[in-house]
Structure formats: C-alpha cells, structure tokens
1. Mind listing whichever residues of segment 10-26 are without any contact (Cβ under 8 Å) to a residue 40 or more places away in the chain and within 17 Å of LEU249 (Cβ to Cβ)?
2. Can you find a residue in segment 185-196 that is closer than 21 Å to ALA72 by Cβ and either touching a residue at least 40 places away in the same chain (Cβ under 8 Å) or exposed (fewer than 13 other Cβ atoms within 10 Å of the Cβ) (or both)?
3. Hey, among the residues in segment 24-53 that are out of contact with any Asp or Glu (no Cβ under 7 Å at 6 or more places or on another chain) and small (Gly, Ala, Ser), which one's surrounded by the fewest Cβ atoms within 10 Å (Cβ to Cβ)?
4. Quickly run through segment 69-105 and pick out the residues that are farther than 24 Å from LEU260 by Cβ and hydroxyl-bearing (Ser, Thr, Tyr).
5. Being over 23 Å from LEU77 (Cα atoms) and surrounded by 16 or more Cβ atoms within 10 Å (Cβ to Cβ) is the filter here; which residues of segment 142-160 pass it?
6. Quick one: in segment 227-246, which of the residues that are within 17 Å of the chain's Cα centre (by Cα) and part of a helix (DSSP H, G or I) is nearest to SER29 (Cα to Cα)?
7. Can you tell me which residues in segment 203-230 are of a type in the set (Gly, Ala, Ser) and either closer than 23 Å to GLN142 by Cα or buried (at least 22 other Cβ atoms within 10 Å of the Cβ) (or both)?
8. Which residues, taken from segment 126-142, are part of a loop (DSSP other than H, G, I, E, B) and closer than 21 Å to TYR115 by Cβ?
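Values in this text are rule-based calculations from the coordinates and carry no lab data. Just so we're clear, the structure is a prediction, and the values are computed from it rather than from any experiment. Counting neighbours? That spans all protein chains shown, and the Cβs are built from the backbone with ideal geometry, glycine included.
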Amino acid sequence: MYRKLIIAAPYLWLLIFFLAPFAIVLRISLADPVIAQPPYSPTYSPDSFTFLLTDKLYAITYLRSVIMAAGATLLCLALGFPMAYGIARCQPATRNMLLLLIILPFWISFLLRVYAWMGLMNNYGAINNLLMWLGIVDQPVQLMYTDFAIFVGLAYSYLPFMILPLYATLERMDLDLVEAAQDLGASRSRAFWDVTWPLARPGVIAGCLLVFIPAMGEYVIPYLLGGSESLLIGRVLFDEFFVNRDWPLASAVAVILLLLLVVPIVLLQRYQARDQEGTA
C-alpha cells in the first residue's frame, strides 16, 4: 500500500497541475472567439487549428523559435561541457566555490539580468564603447533588437541549466576508464569520444532538454532584447492572449507548442529504454 501511495503521488501531481490545465487549454482551442466573458464560445470548432495550420506566419514563427532555441542549446553545450568537466576534476574546496559562482546569478532577479544585457548591448553601452575605444568600429554597432541579442540572452540565461546536470554526470565518472583507454594506445581525443562522451551522454541529454524546452517558449528575452517585432512563439502566444484577446487561437498555439516539446521527449525516452535493454 505504501509503495502504491508513493508511486501515485507524482501521478496525482501531474494530473492536477499538467493534465487538467492542458485539458482546459485544449477545450478553449476548440472554440470560437466571442466578445464576452470568457472570450470563447461554448461550442466546439476546429477553426483555430485550421487557421493556425494554413497561415505561413505561424509556421515561420515556430521554425524561428526552434532554430533560436536549438542554437542557444548548442552554444550552452559547447560552453558548459568544458566548464562542467573542469569543475568535476577540481579539488573539493575549489569545486564548491566554482559551483557557487555558477549558481550565484540565480540569486539575482531574472528580469534584472536581462536588463543588464540591455545596458551592455545598446548603442552607447559597454560593448560598443569598448569597440570604439579600441578603434575596431567608428560608430556604434546595432546589437540590440536583433536575433543576435536574443541568442546571447538565451545562452547566458540558461547556461547553468546545462552545466549542473553535466557536472552531476561527469563528477561520478571513473577516471580509471580514461587512463585504461590511453594505456591501450588511444589518444586523448579518441579516449574522449570512446569513453568520456558515452558516459556523459545522460547529462548531455538532460542539459539539452533543460535548456531547449524553456528557451523554446521564452517571452521576456525576445521582448526586451529582440524588440516588439521579434517573431518568436512566446511573444505570439502572449499577444494572442492579452492583445488580440483571441483565446481559442492562443490555446491552439499553446497546444501545438506543447506537442512539439512533448513528442520528441517521449520518443527519446523510448529510444533510451531500448538502448538500455540492448546493452543489458
């Protein structure tokens, strides 16, 4: 009985805080917008999904969001893996200090950290002033309100989410395996790809998911660093809900976004389960 209660607790949590809200959003997505309170009809209609699937603007927005989130994830992986590997190989006292420095930005408001990047990248911010002082440019470079600014903001904000799961995996790795591979004639690069990378793969997958999923639906960073014209799905979702007041269309956007994120995760979990069964 106790085992069943323990297992039932997370499923009950998911039922209340995930499946029930998802059912409500799905119900709203199958309605028509009306001028009333709430702003959708009690009847069922697939018009929102039909419009969403036939309008190229939404397809472009989804594609841009995937590209930006995937690019930020790859950059976080490229930066986070050597950082996590270095932290995992340090002495315990140094390791704790470095981990504190990684976690330290979370003590500051997320909004303030994004505003700090606005001060760094505006036309007369620290970056442009440094470039002009060094003589690299003669006039300020347009950094703000570009895709580059969004990309940098996403990578900066979610880098700790990549480092921490990578560190947790690499810290448990047995270094004797790498030494054994080198003793058998493998070069450092070959030992990395044949030993370190496969053992670190669970941390890589976890870190990529922790970065890609929130970056895909990010609203604050595209709005502040990309400007009001940035076409990313988080901004479109906000505008449909609170500006256009088209709740059915906004709910349809949210449902498709959720499917884009959940379906690959489910397929990945099945692939990992089959891989573990094959290894066993």
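1. ILE24
2. For segment 185-196, residues closer than 21 Å to ALA72 by Cβ and either touching a residue at least 40 places away in the same chain (Cβ under 8 Å) or exposed (fewer than 13 other Cβ atoms within 10 Å of the Cβ) (or both): absent.
3. ALA36
4. The answer is TYR85, THR94.
5. Initial filter on segment 142-160 (over 23 Å from LEU77 (Cα atoms)): 142-145.
Correct list: LEU143, MET144, TYR145.
6. Step by step, filter segment 227-246, then rank; the result is LEU237.
7. So in segment 203-230, the residues of a type in the set (Gly, Ala, Ser) come out as 203, 206-207, 215, 217, 226-228, 230.
Within segment 203-230, GLY203, GLY207, ALA215, GLY226, GLY227, SER228, SER230 meet the criteria.
8. Of all residues in segment 126-142, those part of a loop (DSSP other than H, G, I, E, B) come to 134-142.
Within segment 126-142, PRO140, VAL141, GLN142 meet the criteria.
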